[in-house]
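K.L.:
Pasting a structure below so you can have a look.
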Amino acid sequence: MAIRKIYQVGDDTLRQVSKPVTEFDDKLSALMDDMIDTLIYADGAGLAAPQVGVLKRIFVATFDGGSTIVEAVNPVIVKAKGKRVAAEGCLSVPNIHDKVERPRHVVVHAYDRHGNPIELKGDGFAAACFCHEIDHLDGVLFTDKTVKK
Ligand code: NI
């Protein structure tokens, strides 16, 4: 396990579309362990693989002060309901917190690191977090979506 470098805005890596994971192997597991270590070390809420320079469709997130860790491989939003505007930040975009409109509730289908299908349900902050992380997998940053008010 290791802390990885977090790529910062301006790096073209953050603007690429990530590829689906096809091999659920030890290398994937090691990457995800590193992502969790890096997320906790950086004291963030979520981290997507492109943020550590790996263009694969993976994110990790932590809630409840670190007591809940969520990991998702090849995540897809299958249901989105409602609207909520709240301030967001990003470990790749230092010192900016701006308002973004996100669904209030989302359901995400994904896989765990072993290739087992999982379903994640997010409300409020968690919904925004899942959407923010999945945007990273498509090269989108929250600053692209800032609500101008
Ligand atoms: Ni981010």
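K.L.:
FRET efficiency for E101 and I69, Cβ-Cβ distance as r, R0 = 35 Å, nearest 0.05? It would help to have the intermediate numbers written out before the result.
P.N.:
Values: r = 27 Å, r/R0 = 0.76.
For E101 and I69, the calculated efficiency is 0.85.
K.L.:
Next up: Ordering R113, R84 by accessible area with a probe of 1.4 Å, largest first, what comes out? Show your work: numbers first, answer last.
P.N.:
Details: R113 35, R84 60 Å².
Largest accessible area first, the list is R84, R113.
K.L.:
Turning to a different aspect of this structure: Where Rh is the Kirkwood radius over the Cα pairs of the stretch 13-95, the temperature 10 °C and the viscosity 1.306 mPa s, what D in µm²/s does Stokes-Einstein return?
P.N.:
Numbers: Rh = 13.9 Å.
Value of D from the Cα-based Kirkwood radius: 114 µm²/s.
K.L.:
Can you compute the helix-only [θ] at 222 nm over the chain? Use -39500 (n - 2.57) per DSSP H run of at least 4 residues, normalise by all residues, nearest 500 deg cm²/dmol.
P.N.:
Working: 2 runs with 30 residues, N = 149.
One gets -6500 deg cm²/dmol as the mean residue ellipticity at 222 nm.
K.L.:
Next question, about the same structure. Calculate one ³J(HN,Hα) per residue across the stretch 65-70 by plugging θ = phi - 60° into the Karplus curve 6.51 cos²θ - 1.76 cosθ + 1.60, and present them in order as whole Hz with x for glycine and proline.
P.N.:
x, x, 7, 10, 10, 10
K.L.:
To continue, here is another question. In whole Å, what is the distance between the alpha-carbon centres of the stretch 1-52 and the stretch 83-114?
P.N.:
The stretch 1-52 and the stretch 83-114 have Cα centres spaced 16 Å from each other.
K.L.:
Can you give the extra length, in nm with one decimal, that the chain gains between D112 and L55 once fully stretched, where that is 0.36 nm per residue apart less the Cα-Cα distance? If you can, show how the numbers build up before the last one.
P.N.:
Working: separation 57, 0.36 × 57 = 20.52 nm, distance 1.74 nm.
Using 0.36 nm per residue and subtracting the Cα-Cα distance, I get 18.8 nm.
K.L.:
Return one whole number: the accessible area per residue of the stretch 1-101 in Å², for a 1.4 Å probe. Intermediate results must be reported in sequence, preceding the final value.
P.N.:
Values: 5560 Å² over 101 residues.
So the stretch 1-101 comes to 55 Å² accessible per residue, rounded to a whole number.
The values are calculated or read from the model by the stated rules, or taken from the named source; none is laboratory data. If you're wondering where the values come from, they're calculated on a predicted model, not measured in any experiment. Cβ: placed from backbone, ideal geometry, glycine included. Neighbour counts: every protein chain shown. Quick note on the areas: whole protein, heavy atoms, side chains included, nothing else; ligands and nucleic acids left out. Shrake-Rupley method; radii C 1.70, N 1.55, O 1.52, S 1.80 Å.
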